[in-house]
Each structure stands twice: as C-alpha cells, then as structure tokens.
Amino acid sequence: MTVIDTLIRNATLIDGTGEAPFVGDVAVLGGRIHAIGHLHDLDAHHVIDARGKVLSPGFIDVHTHDDLALLKQPAMLPKICQGVTTVIVGNCGISAAGVRLRGEPPDPMNLLGEAADFKYPSFTDYASAIEAARPAVNVAALVGHTALRANQMERFDRAATPHELAAMREDLKAALAQGALGLSTGLAYRNALQAPTAEVDFLAATLQDAGAIYVSHIRSEDDEIIEAIDEAIDIGRDAHVPVIISHLKCAGRANWGRSEVIIGKIEHARQQHLVGCDCYPYAASSTTIDPRIVDEGFKIQITWSTPHPEMAGKTLKDIAGLWGLSQVEAAQRLEPGGAIYHEMNEADVSRILAYPHTMIGSDGLPNDPRPHPRLWGTFPRVLGHYSRDQGLFPLQEAVRKMTGLPAERFGLRDRGRLRVGACADLVMFDAGDIRDCATFDQPTLQPQGIEAVWVNGVLAYSQGQSTGARNGHFIRR
C-alpha cells in the first residue's frame, strides 16, 4: 500500500473555482495532490488535523517586482508568510531577464536593482539562475518593453527606429521561445512614454503565435485613463491576444469616482475580446519619485532617495518646508528615489476589487527600505479586511481572485485549483483570524492567520516562520 507524503484532514476546502467551501481531506504525494475526499484508509508520513481551518490553493501574486529579490533573498518571507506560492515577475515594462544594459538601469528599472545586478543577457540565463537559487516560491516571468528598449536604445525620449524595433522584436521572440509568459509595458513612465502605440503594436504582433499575453501599466491612470485603457485593449485586439491591465486604479482627486465608468468600458470590451485586470487592496500607490505626478492635495511619503537617503520616511510636504521649496522642486532634488502616493479613493478601490474579472497583485517593491505595506500585507488584507470584515465578496470569491482566476489568465497549468493531479501548492489559514498587520508606519510586519504553506508538496511556512525549505520551480509558458 502506498504511503502518502502528507495527509491534511478535516479542512474546509476552497478549491479556487469560486464554488462553495466543503469539508474534506487532501492527500499529497510526490509534490502533487493525490486524492481529495474523505480519505480514512490512507497512511501518511505527516498527518495534519485542519479542523476549523481553510485549505486552499496557494496564492498567485500576479503583479510583482521580485525579479532580482528572488535571487538575493530566495527565502521570500514577505510572500510565503502571506500564503503566496507563485509570483509573476517582469511587470510594468521592467524585467531582469534578457537584459543587456548600456549603463545605469533607466527609471523605473532601478526599482529592481543596480546595474551590476542585471547579469542575465538571455531569458534562459535568468531562468537558470532562478532554478539554481531554488527560491521558496514558484516563478513565472514576463518580458518588459522598457527592458527591450534598454537593450537597443541609448536614449528613450523618442520612438525606436526601425532597426532598433527589429532588434527588440528578436529579443522578445527569443524570450518567448524560452518560456516567457508575454510582453509587459509601463507606458506611463518617462522612459517608455515616448514610445508610440505603433511601437508596441509591432512587438505585440509576435505574441499570438507563441500563445502569449499582453500586460500593461497603461499610459495614464489619471485624467486620460479612458484613452489609455482604449489603447491597451486595441493593442491586444490587433495582436489577437488577451489583455491584462495592471494595478487598475483611478489616480488623482479629479478622477475619484470614475471606477464605475472604466469597469463598464472593460466589461463592454470583454464582449469581443478577453480583457482582465489586477488590483492591490490599498488607496495608495508606490513607485519612483516623479515630479510630474506631485499633487500638494494628497500625502506623499518618501521611501528612498539616492542623493538624500536621510529623507526616507518623511513626507514630501515636510521636506519641501525644511528646504524652503515647492513640493515639485523638492521632488526634483530627491530624484532618483521612491515614494508612496496617497492618491486614490477607497470607494474606487473597493469597486475595482469587487469586479469579478479583477485578480490580486501586490505590486510590492522589495528593495524599498520603507516599502508600501502591500509587500507584506496584500493577500491577508483581501481575505480579512475586504472579504470577512467589509463583506465585499464571499471568501471563496476572494480565493478565486488569487488562485483559479490568475492560473487561467496566465496559463499556469496545474496551479491555482484543488484537484487531483495538480501541483500541491497549498495554504492553510484561519478565516476568522486572518488579517494584515503591515501599516504605512510599520510596513514589514507579518500577517496573522496563515497557519501553513506548502510549495510543490513541501512545507515552506509553519507557525509564523519559514521552515527553511525552498522548493519553488521556474514555470515556463
């Protein structure tokens, strides 16, 4: 008789499809789910009584900037402590895979690391480095449009030439052949802003044959958001590939309340083309310091500054007062750096989170010395604050948004669902106790309520700490 590796008994099972929870047992053998049901006749090396606890698929963080953090801190505690078992890197047009810098990393690639950290000239080089590091979580990767530009262009304040475009396309095709999930853009950033739609169209035309997707930090998330959403949808439609709009939001006070309109636009587009989005559960964003988006009407916290590291943790308003400058002038003096922008309205955040086609992505920045709390708190916050406390959606819907839905959208076969034969990425949590603890003042506090996490069948997190096991895989498309 086969002896099972792990048998989890009496759990409240949420399978990742959105179906109602049910009580049962899950058996794990050889890194996969061996059986689900009432498994009284099985023997196991490890038996866990999960009575009163929820067991679900491991969470998939669809929007991360963990590209280099996975290699520097492969224990990945900020993710594994939340129940995240898979991360998708290469978002917002910036990636570490297949990059050949001509100097310092252009903004916002400097969010990922310094020039010396970008040492993976092909996608395969990066994948091999991840496999050698064996991080605690699984990894899948997109190719960044800004990274492709950095490979071929010395200046970014213009469109790519036909010669540069052809070279960028060859880099993209090579990465897709080596397993990249698709192409990401960050068209709102200064080093991609001058790329016309035609430049992205030319690159996106390679995606369909590879079965890949288009993921976009759209050109504007504030006043011109409608036009920016139209552009993203048109790029995907012209390329005949699915579109995912990254960290969907209504930024800036003038745009508060527009979430109903933009969701309606996405829903209308979905009638003819596959379009989705992701969102993080906070009314504040975090990115590089950009004087163009400084608004003295909302709070801006500085997270890091290369010329003035002593200002990390202070507000831009206080720094401007200290220096006797306007906030825009202070931001210019602080560059390059990072900041948290309290620029959104909670009602819009809730409406976007509740949209059935919204996935959950943290957009955390692991290199920030004072990161946005989303790095450590995103997934428990959705489950605790928004699902349980606010009643925004049932628990099984919250789980679907972070498991089955992203697995389907990104083509992660054998992940995201509790079913026999699937990879045993699992999280056990206390639905009544789970909550985020990270705050803007104390952003690196671990959440509570995550009882245990398994990655490919191996226990990676238990009783509030990492087990030291690192069993993540690199997932190729």
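Scanning region 237-245 turns up no residue that is within 29 Å of Arg435 (Cβ to Cβ), open to solvent by less than 60 Å² (accessible area, probe 1.4 Å), modelled with pLDDT of 95 or more and in a loop (DSSP other than H, G, I, E, B). Here Gln301 passes the criteria (1) farther than 24 Å from Tyr386 by Cα; (2) surrounded by fewer than 21 Cβ atoms within 10 Å (Cβ to Cβ) except the one numbered (2).
Scanning region 164-188 for residues being part of a helix (DSSP H, G or I), surrounded by fewer than 24 Cβ atoms within 10 Å (Cβ to Cβ) and small (Gly, Ala, Ser) gives a total of 4.
Residues being part of a strand (DSSP E or B), of a type in the set (D, E, K, R) and open to solvent by 50 Å² or more (accessible area, probe 1.4 Å): count how many of those fall in region 10-38.
So the count comes out to 1.
Among the candidates Gly338, Gly377, Gly416, single out the residue that is buried (at least 20 other Cβ atoms within 10 Å of the Cβ) and at positive phi.
Numbers: Gly338 fails: at positive phi; Gly377 fails: at positive phi.
Every option except Gly416 fails the conditions.
Residues satisfying the criterion are absent from region 54-61 (criterion: over 28 Å from the mean Cα position of the chain (by Cα) and part of a strand (DSSP E or B)).
Conditions tested, residue by residue: (1) assigned to a loop (DSSP other than H, G, I, E, B); (2) out of contact with any Pro (no Cβ under 7 Å at 6 or more places or on another chain); (3) open to solvent by 10 Å² or more (accessible area, probe 1.4 Å).
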| site | (1), (2), (3) |
| --- | --- |
| Leu353 | no, no, no |
| Pro356 | yes, yes, yes |
| His372 | yes, no, no |
| Phe440 | yes, no, yes |
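Cβ-Cβ contacts under 6 Å between residues 6 or more apart (or on different chains), taken from a first residue in region 254-279 that is modelled with pLDDT of 95 or more to a second residue that is charged (D, E, K, R) and open to solvent by less than 40 Å² (accessible area, probe 1.4 Å), are listed as Ser259/Asp348; Gly276/Arg409. Residues in region 374-417 that are under 20 Å from Thr86 (Cα atoms), part of a loop (DSSP other than H, G, I, E, B) and of a type outside the set (Ser, Thr, Tyr): Met402, Phe410, Gly411, Leu412, Arg413, Asp414, Arg415, Gly416, Arg417. If the condition is being among the basic types (Lys, Arg) and in contact (Cβ under 8 Å) with a residue 60 or more places away in the chain, then region 404-419 contributes Arg409, Arg415, Arg417, Arg419. Out of Ala147, Ala133, Ala129, Ala140, one residue alone is within 30 Å of Leu459 (Cα to Cα) and buried (at least 23 other Cβ atoms within 10 Å of the Cβ). It is Ala140. Restricting attention to region 24-38, the residues that are touching a residue at least 60 places away in the same chain (Cβ under 8 Å) and either under 9 Å from Asp5 (Cα atoms) or touching a helix residue (DSSP H, G or I) at 6+ places or on another chain (Cβ under 7 Å) (or both) total 4. Pairing residues of region 85-101 that are at negative phi and touching a residue at least 40 places away in the same chain (Cβ under 8 Å) with residues that are assigned to a strand (DSSP E or B) and open to solvent by 10 Å² or more (accessible area, probe 1.4 Å), at Cβ distances under 7 Å and at least 6 apart in sequence or on separate chains, gives no pairs at all. Here Gln390 meets the list (1) over 27 Å from Ile475 (Cβ atoms); (2) buried (at least 23 other Cβ atoms within 10 Å of the Cβ); (3) not β-branched (Val, Ile, Thr) almost entirely, failing just condition (2). Which one is nearest to the chain's Cα centre (by Cα) among residues in region 39-53 that are in a loop (DSSP other than H, G, I, E, B) and buried (at least 17 other Cβ atoms within 10 Å of the Cβ)? Checked region 39-53; the qualifying residue nearest to the chain's Cα centre (by Cα) is Lys53.
The values are calculated or read from the model by the stated rules, or taken from the named source; none is laboratory data. The shown structure was predicted, so the numbers you read here are calculated from the model rather than taken from an experiment. Don't worry about glycine lacking a Cβ; one is built from the backbone with ideal geometry, like all the others, and counts go over all protein chains shown. Just so you know, the surface numbers come from the protein's heavy atoms only, side chains and all, with ligands and any DNA or RNA stripped out. Shrake-Rupley method; radii C 1.70, N 1.55, O 1.52, S 1.80 Å.
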